[in-house]
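Heads up: the structure comes next, in structure tokens.
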Amino acid sequence: MGTRGRGIIGGDVDKLIEELNKALADEWLAYYQYWLGAKVVAGPMREGVTAELVEHAADELRHAGMLADRIVQLGGTPVLTPEQWYDLTNCGYEPPEDPYVRTIVEQNIKGEQCAIDTYQRLAGLVKETDPLTYNIVVEILTDEVEHEDDLEAVLEDFELMLKHKG
Ligand code: FE
Ligand code: FE
Ligand code: MG
């Protein structure tokens, strides 16, 4: 980014780039977790759940793009190898070993709750020092809150279905 663009950022730019790279690692892992979950998920309501997982995967990939663009703009380098994702991640990765709908949805809810905490913390970090990153972080946070809400609604429908089944 231009000298002035970088100059207006208060605080430690290298530290900020590191935080954004940690979030970038999270987004790739979340993307893959949803993408693979959508392929293997099985059980009642499979079609609706698959559609939701596919949609969320696309959102996580878009988030990765937003973070990488900002890192480059700040003069940083987006994480270069997938091996580093595991070193950098805040929220980790849960392999969809059990394809049952409920298990997959619960794993992803856990991931979203960690993402919400991560972006809430990041928002606080840049609120006073970097309005552009703040806007990006809040936009992503808004999506993560929606993701959690969507998945909790799926879980609720699932429980209701079981309850009224027999
Ligand atoms: Fe995301
Ligand atoms: Fe999400
Ligand atoms: Mg959704």
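The values are calculated or read from the model by the stated rules, or taken from the named source; none is laboratory data. The structure presented is a predicted model; accordingly, all values stated were derived computationally and were not measured. All Cβ positions, glycine included, derive from the backbone under ideal geometry; neighbour counts span all protein chains shown. For the accessible areas, the whole protein counts, side chains as well, though only heavy atoms, and no ligand, DNA or RNA atoms are used. Shrake-Rupley method; radii C 1.70, N 1.55, O 1.52, S 1.80 Å.
Taking the listed residues LYS127, LYS163, the one that is open to solvent by 100 Å² or more (accessible area, probe 1.4 Å) and at pLDDT below 95 is LYS163, with no other qualifying. For the range 97-104, indicate whether the set of residues that are open to solvent by 60 Å² or more (accessible area, probe 1.4 Å), within 16 Å of ligand 1 (Cβ to nearest atom) and closer than 28 Å to GLY48 by Cα is non-empty. No: zero hits.
Selection of helices (runs of 4 or more DSSP H) fully inside the range 1-80 by the criterion of at least 2 residues being crowded, with 16+ Cβ neighbours inside 10 Å, of a type outside the set (D, E, K, R) and free of Cβ contacts under 8 Å to residues at least 40 places away in the same chain returns 13-40, 46-73. Would you mind telling me which numbered condition in (1) modelled with pLDDT of 95 or more; (2) within 16 Å of ligand 3 (Cβ to nearest atom); (3) open to solvent by 40 Å² or more (accessible area, probe 1.4 Å) ASP157 fails? Status for ASP157: all satisfied but (1). Which of the residues spanning the range 91-121 are more than 24 Å from LEU67 (Cα to Cα) and in a helix (DSSP H, G or I)? VAL101, ARG102, THR103, ILE104, VAL105, GLU106, listed by residue number.
Criterion first (in contact (Cβ under 8 Å) with a residue 12 or more places away in the chain, under 14 Å from the mean Cα position of the chain (by Cα) and open to solvent by less than 80 Å² (accessible area, probe 1.4 Å)) does GLU139 satisfy it? Criteria not met by GLU139. The sole residue among PRO78, PRO44 that is at pLDDT below 95 and not basic (Lys, Arg) is PRO44. Is the range 108-116 home to any residue that is closer than 19 Å to TYR31 by Cβ, modelled with pLDDT of 95 or more and more than 13 Å from ligand 2 (Cβ to nearest atom)? Scanning the range 108-116 turns up no residue that is closer than 19 Å to TYR31 by Cβ, modelled with pLDDT of 95 or more and more than 13 Å from ligand 2 (Cβ to nearest atom). For the residues LEU61, LEU80, LEU53, the requirement of being more than 16 Å from ligand 1 (Cβ to nearest atom) and among the hydrophobic types (A, V, I, L, M, F, W, C) singles out LEU80.
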